[in-house]
1. Once you charge only the Cβ atoms, +1 for Lys and Arg and -1 for Asp and Glu, what is the size of the charge dipole of the chain about its Cα centre, to the nearest 20 debye?
2. For region 373-434, divide the Cα radius of gyration by the Kirkwood radius and give the resulting Rg/Rh value with two decimals.
3. Rounded to whole Å and ordered largest first, report the semi-axes of the equivalent ellipsoid of region 175-310 derived from its Cα gyration tensor (root of 5λ).
4. Keeping all protein chains in place, calculate the accessible area per residue for region 296-341 (probe 1.4 angstrom), answer in Å².
5. Could you work out how far apart the two model spin labels at residue 251 and residue 401 are, taking each label as a point 7 Å from the Cα in the direction of the beta carbon, and quote it in nm?
6. Here are some pairs, 96/289; 165/393; 171/229; 24/65; 24/229; which of them have Cα atoms lying more than 28 Å apart in this structure?
7. With an 8 Å Cα cut-off and a minimum separation of 6 or more residues, compute the relative contact order for region 108-245 in percent.
8. Amide H neighbours of residue 368 under 5 Å, counting only residues 5+ apart in sequence or on other chains, H built in-plane at 1.01 Å?
Amino acid sequence: MIWDRKHECMDREELQALQLERLKETLHRVYRRVPYYRRLFDAHGVVPEDLHTLEDIQKFPFTTKAALRDNYPYGLFAVPLKEVVRLHASSGTTGKPIVVGYTRRDLETWSELVARIVTQAGVISEDVVQITFGYGLFTGAFGLHYGLERVGATIVPASVGNSEKQIMLMKDFGTTVLVGTPSYVLHLGETARSMGIDPTGLKVRLGLFGAEAWSEEMRRELEKMWGMKATDNYGLSEVMGPGVCGECTVAPGMHIAEDHFLVEIVDPETGEALDYGREGEVVITTLTKEACPVIRYRTRDISVINPEPCPCGRTTARLRRIAGRTDDMLIISGVNVFPSQIESVLMEIKGVSPHYQIVVDKKGYLDYLEVQVEMTEEAFTGSFKDLEALEEKIRRRLQAVLSISPRVRLLEPHSIERSQGKAKRVIDRRPKKQ
Ligand code: DLL
């Protein structure tokens, strides 16, 4: 089913005309209402009138996370606070979070866009949907909540944590759809098993995942574990939250709500715009946001845009699964390594579980990479020889993919702490560069 056929299946020329009209309005609004943008545009010698085509967006400067932080909390708002009816904030691990506001119309748009992504993933009004994202400043739970409500599904706002209770609720309420981070739902599956319940025996048929990077192999693992279809959904607080794009069930890639967001791919080093089909950093301009519009926001997420029409009937361009973040990319002795590459290798090897951690440190002047991974119960024989052979196998496979030789440490089942939200996979102990 298609939630909003008019906008999701628009003729591309018509869509681009709509984008251009909205982009012009947005540039004028921020120039008039947000002193930060006026100063930024002036410093770059551009005015909103310089935009005649969509490509002209490249004349305008980028917005970075630093700009959002520096203007904490309300400096980038384009409406007075009395028009803001909700605040959310990003899950920054250090320093101040970044704050985003929503007007009543922004919330309306948000629910509509989430209704689109849940419908394209296959949610129907008969579904019982358990939301295991944390309710709070994080956009994940509230974003999904109101979109799902619009579709008419029965929502179980379980929030994160209390894993055994979550399983009890799933069983008693007949949950058919799970919403959460891949890492937490993996943990829920393990919890069910430890309670003597086979997750495939529950009624869960669909998972709406997002909020963290995950691999194709992790998707397969989750699908097998729960007997469900698992879909990928991407978004970020700075531009709205979930609802920016999500997968349909027909073909790969996440449909972008292009009538509300202009998405570009740029070279992360030079900032130069890249053509469709080339991999680079995702840059997003909001086209309809009232409270917190952002211009050319550097997401640091790495992906590719596929503009081909999808067999599902939607005409919107699709974003490939996020490969990682430019700031998550590890540079180990000069070699670029994404945690997702390591995850893909690990998940293909029999005897190891999907629970792993990547530790980077320095020995003298040299960087070294250690991959710690839990063994499965079956592979945990206690035989030293078996252990050594498995470690060596993992090391060789990782070396073939990464071109560096990591240290591999096998751990007992259940020894890595389980995440409750976004998983923390990388521990970088190297001294920070000044
Ligand atoms: O994670 C919004 C969201 C919530 C999306 C629920 C989907 C579902 P933030 O907390 O601001 O917002 O974090 C945004 O998380 O820049 C990506 O690095 C990462 N991220 C989000 N979705 C995905 C995904 C929400 N599907 C940051 N795949 C983004 C990979 C993702 N990374």
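1. It works out to roughly 980 debye.
2. On the way: Rg = 14.5 Å, Rh = 13.9 Å.
Reported Rg/Rh (Cα atoms, Kirkwood Rh): 1.04.
3. Values: eigenvalues 211, 47, 37 Å².
Over the Cα atoms of region 175-310, the ellipsoid semi-axes are 32, 15, 14 Å.
4. Values: 1740 Å² over 46 residues.
Averaged over the residues of region 296-341, the accessible area is 38 Å².
5. Simple spin-label model gives 2.7 nm for this pair.
6. Working: 96/289 23 Å; 165/393 38 Å; 171/229 18 Å; 24/65 23 Å; 24/229 40 Å.
Result: 165/393; 24/229 exceed 28 Å.
7. Working: 254 pairs, mean separation 35.4, N = 138.
Computed value for region 108-245: 26 percent relative contact order.
8. For residue 368, whose amide H was placed from the backbone, the distant partners under 5 Å are 361, 362, 363.
The values are calculated or read from the model by the stated rules, or taken from the named source; none is laboratory data. Given the structure is predicted, the values throughout are model-derived calculations rather than measurements. Note that we place each Cβ from the backbone using ideal geometry, even for glycine, and neighbour counts take in every protein chain shown. Please note that ligands, DNA and RNA were not included when accessible areas were found on the heavy atoms of the full protein model with its side chains. Shrake-Rupley method; radii C 1.70, N 1.55, O 1.52, S 1.80 Å.
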